[in-house]
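Take a look at the structure below.
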Amino acid sequence: MSLCENLIPRIPLVKPETVVADSQFQRNYITRIVHQIYEGAEKNPEPERIKMGCRWICKRFLRAGMILVLSRSKAFTRDLYYCYEEFAKFYPEQDAAMWQALEYAINPTGNVEEFLPLVKELGDFLAQEADAVFGVPQNS
């Protein structure tokens, strides 16, 4: 092998959504986030801090939903509404949950008990679906 040899033919093709899915859909990751939000609310029940966590996780779910449908939609966006819209085309049964995530991403709640059921249910769904779509091993 010379210093100028082209290595591209040797590199296996990688779907970018699979790489992203590996980090975004891990069950342990989602469980850890939920735990951190609860723990943060107990240590610092300040509504503004809770709102930050609510907004962050909901944005994450919207963008993760976009990654989930990336290869089928043949489009990509980071815009939250369009992430919701593309996801809902392929998962109409999850439309209401993802719409709620969009609402919380834009107008987060300071009540941790209000948004955590959505986080758990939608997080579990996204993790399971990622496993089915990408074959991502889950660390349950």
- Message: Using a 1.4 Å probe on the protein heavy atoms only, what accessible surface does Ile67 show? Give it in Å² to the nearest 10.
- Response: 20
- Query: Under 25 Å Cα-Cα from Lys43, which lysines qualify once same-chain neighbours fewer than 8 residues away are excluded?
  - Reply: Lys51, Lys59, Lys120
- Hey, rough spin-label estimate for Trp99 and Tyr38, points 7 angstrom out along Cα→Cβ, what's it come to in nanometres? 2.9
- Message: If DNA, RNA and ligands are ignored and the probe is 1.4 Å, what is the ranking of Met98, Met52 by accessible area, most exposed first?
- Response: Met52, Met98
- Provide Leu118, Leu126 ordered by accessible surface of protein heavy atoms (probe 1.4 Å), highest first. Leu118, Leu126
- Where a Cα-Cα gap under 13 Å defines reach, which aspartates and glutamates qualify for Lys74, not counting those fewer than 8 residues away within the same chain? Glu17, Glu86
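The values are calculated or read from the model by the stated rules, or taken from the named source; none is laboratory data. As the structure is a computational prediction, the values presented were derived from the model and not from experiment. Backbone-built Cβ (ideal geometry, glycine too); neighbour counts: all protein chains shown. Side chains included, ligands, DNA and RNA excluded: accessible areas come from the protein's heavy atoms. Shrake-Rupley method; radii C 1.70, N 1.55, O 1.52, S 1.80 Å.
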